[in-house]
1. State all residues of region 109-123 that are closer than 18 Å to Trp7 by Cβ, open to solvent by 10 Å² or more (accessible area, probe 1.4 Å) and either aliphatic (A, V, I, L, M) or touching an Asp or Glu at 6+ places or on another chain (Cβ under 6 Å) (or both); if no residue qualifies, say none.
2. Of the numbered conditions (1) part of a helix (DSSP H, G or I); (2) modelled with pLDDT under 80; (3) more than 30 Å from Glu245 (Cβ to Cβ), Val178 satisfies every one except a single condition; which is it?
3. Do we have any residue at all in region 357-367 that's farther than 24 Å from Thr431 by Cα, in contact (Cβ under 8 Å) with a residue 12 or more places away in the chain and buried (at least 23 other Cβ atoms within 10 Å of the Cβ)?
4. Please find, within region 85-102, the residue that is farthest from Ala170 (Cα to Cα) out of those that are open to solvent by less than 10 Å² (accessible area, probe 1.4 Å) and outside any loop (DSSP other than H, G, I, E, B).
5. Identify the residue in region 18-47 that is under 21 Å from Thr277 (Cα atoms) and in contact with a Ser or Thr (Cβ under 7 Å, 6 or more places away or on another chain) and, among all such residues, is surrounded by the fewest Cβ atoms within 10 Å (Cβ to Cβ).
6. What residue, of Thr396, Thr444, is in contact with a Lys or Arg (Cβ under 9 Å, 6 or more places away or on another chain) and either buried (at least 24 other Cβ atoms within 10 Å of the Cβ) or of a type in the set (Lys, Arg) (or both)?
7. Give me the pairs, please: first residue somewhere in region 255-282 and over 14 Å from Tyr409 (Cα atoms) and basic (Lys, Arg), second residue anywhere and part of a helix (DSSP H, G or I) and open to solvent by less than 30 Å² (accessible area, probe 1.4 Å), beta-carbon distance under 9 Å, and either six or more positions apart or on two chains.
8. Identify, please: which residue in region 1-45 is of a type in the set (Gly, Ala, Ser) and in a helix (DSSP H, G or I) and is, among those, farthest from Ile172 (Cα to Cα)?
Amino acid sequence: MPATSRWLVLLVMCTGYFLVLLDVTVVNVALPQLGDRLGTGVAGLQWVVDGYAVPLAALLLVGGSLGDVVGHKRVVLGGLVLFGLASLACGLAPTTGVLVAARVLQGVGAALLLPGTLAIIADTFPDRREQARAIGIWASVGSAALPAGPLLGGALVEGLGWRAVFLVNAPIVLVAAVLAVRVVRDRPPSGTTDRGPDWPGSATAVVALGALVLGIVELGHRSTGFGLVALAAAAVAVGGFLLVEHRSPHPMLPLDLLLRRQFVAANAVAGAMNLGTLGTLFLITLYLQTVQQRSPLGAGVALLPLFLPLTVLAPYAGRLASRRGPRLPMVLGLLVGAVGVALLLTASVRSAYPVLLPALLAWGVGLGLLTPAVVAAAIAAVGPERSGLASGANNTARQAGGALGIAIYGAVAGPPDSAGSFVAGMHAMATTTAVLWLAAAGVTLGCVGRGERDR
């Protein structure tokens with residue numbers, strides 16, 4: 001393949017990856033305006049975010065497996081088209097229910113799209129040196145999506161309204177899909193026809209995570225028996241998932257991995273990281289706009305000190321993990337991040353921005369140290385022959401943790417209409433996050449090695 005075509009492939013794959021991660025955070029600054037226009041409360045806003053996060057978490061491993069069976073080009077194209085159409089539906093949604101349904105479809109498209117981007121890049125750049133450079137660019141683009149989300153979202157909401165954060169995806173996806181058809185090679189599937197996706201495992205995972213989120217949201221805002229029924233359904237689905245995985249010849253999560261201490265610890269820490277981060281981000285966005293009355297763009301700019309350290313530090317933290325093992329950057333990241341979220345306790349209803357800045361910076365530095373190391377720990381626990389599975393499981397743990405964090409934190413803090421009560425709830429959840437991350441640091445010290453494989 002000519003060099004120009006190869007780099008066009010990289011551009012298309014990076015575009016898809018960027019959009020998937022962008023939609024994790026871009027919607028946050030649109031939530032207050034969206035809630036006003038559609039007449040929905042905190043529970044509805046939680047589902048606008050989690051409607052995307054739940055299917056993305058539950059179907060990531062399926063997307064990778066499906067690409068192995070039918071070819072990654074087909075799956076990536078299907079994911080792009082579904083993501084684009086769902087984004088259009090989100091932008092045109094007349095009600096909260098329609099918007100949440102469209103967000104679910106967006107999450108399904110993202111889960112199909114994301115795993116195949118890296119597989120196509122690896123196939124397009126067979127030379128090791130070029131491949132490493134291409135994957136580095138892909139990773140950097142993904143990191144850039146996180147700070148871009150609040151900033152771009154704030155500008156779009158302030159200039160064009162909340163619908164623009166979804167509609168902007170459609171023309172980008174259209175161009176990317178046309179380019180993908182023309183330049184991505186239609187490589188024969190690498191898998192065999194007798195090893196398809198684990199559909200029963202995926203279905204039970206979706207039910208388990210969706211019911212758990214639903215139960216938490218319902219109990220937090222309505223305190224009805226329906227929430228308890230949803231939690232019971234989640235428990236049954238978890239049991240069903242474990243049974244299905246035990247009996248499946250090709251499970252999406254081989255249960256023998258649950259006997260590897262470092263693998264379990266790395267994924268538990270990854271889930272705790274995103275549970276605290278996305279849950280607290282949900283609250284801090286409502287705090288900045290609804291409590292402190294900042295504009296969407298002003299809130300996006302205010303959040304940059306949280307995300308920029310992640311983009312800047314991630315490459316250095318990755319190199320530190322490769323030289324010294326993942327334990328040191330994981331522990332440092334968790335401790336610094338815990339200090340950062342604990343500093344949010346100094347925030348009051350009328351706090352000036354300099355009061356928030358140290359908290360956001362320390363929190364961001366912690367994430368920058370932790371994120372690459374926690375992936376490295378999961379991969380080191382299983383070895384290179386199962387690195388794809390380990391990376392997919394770690395991504396799944398992070399997305400699932402984030403979905404639960406949004407549900408739990410929003411339920412505890414309650415509506416931001418009562419500023420004092422909401423800030424008290426935000427303080428309670430900041431304390432919870434700090435304690436959780438300190439506990440995760442202890443787990444890391446006890447279970448994650450300095451670099452050797454954990455057998």
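The values are calculated or read from the model by the stated rules, or taken from the named source; none is laboratory data. For clarity, every value in this text was computed on a predicted model and none was experimentally measured. We place every Cβ from the backbone using ideal geometry, glycine too, and count neighbours over all the protein chains shown. To get the accessible areas, we keep the full protein, side chains included, count just its heavy atoms, and leave off ligands, DNA and RNA. Shrake-Rupley method; radii C 1.70, N 1.55, O 1.52, S 1.80 Å.
1. Leu118, Ala119, Ile120, Ala122
2. (2)
3. Quick first cut of region 357-367, residues farther than 24 Å from Thr431 by Cα only: none.
No, region 357-367 contains no residue that is farther than 24 Å from Thr431 by Cα, in contact (Cβ under 8 Å) with a residue 12 or more places away in the chain and buried (at least 23 other Cβ atoms within 10 Å of the Cβ).
4. The qualifying residue farthest from Ala170 (Cα to Cα) is Leu99.
5. At the first step, the residues of region 18-47 found to be under 21 Å from Thr277 (Cα atoms) are 18-32, 42-47.
Adding the requirement that they be in contact with a Ser or Thr (Cβ under 7 Å, 6 or more places away or on another chain) leaves 28-29, 31-32, 44.
Values: Asn28: 29, Val29: 34, Leu31: 26, Pro32: 22, Gly44: 20.
So the residue we want is Gly44.
6. Working: Thr396 fails: in contact with a Lys or Arg (Cβ under 9 Å, 6 or more places away or on another chain).
Unique residue meeting the criteria: Thr444.
7. Correct list of pairs: Arg260/Ala381; Arg260/Val382; Arg261/Ala381.
8. Initial filter on region 1-45 (of a type in the set (Gly, Ala, Ser)): 3, 5, 16, 30, 35, 39, 41, 43-44.
In the following step, the residues that additionally are in a helix (DSSP H, G or I) were identified as 3, 5, 16, 30, 35, 43-44.
Details: Ala3: 23, Ser5: 19, Gly16: 9, Ala30: 20, Gly35: 26, Ala43: 31, Gly44: 28 Å.
This residue is Ala43.
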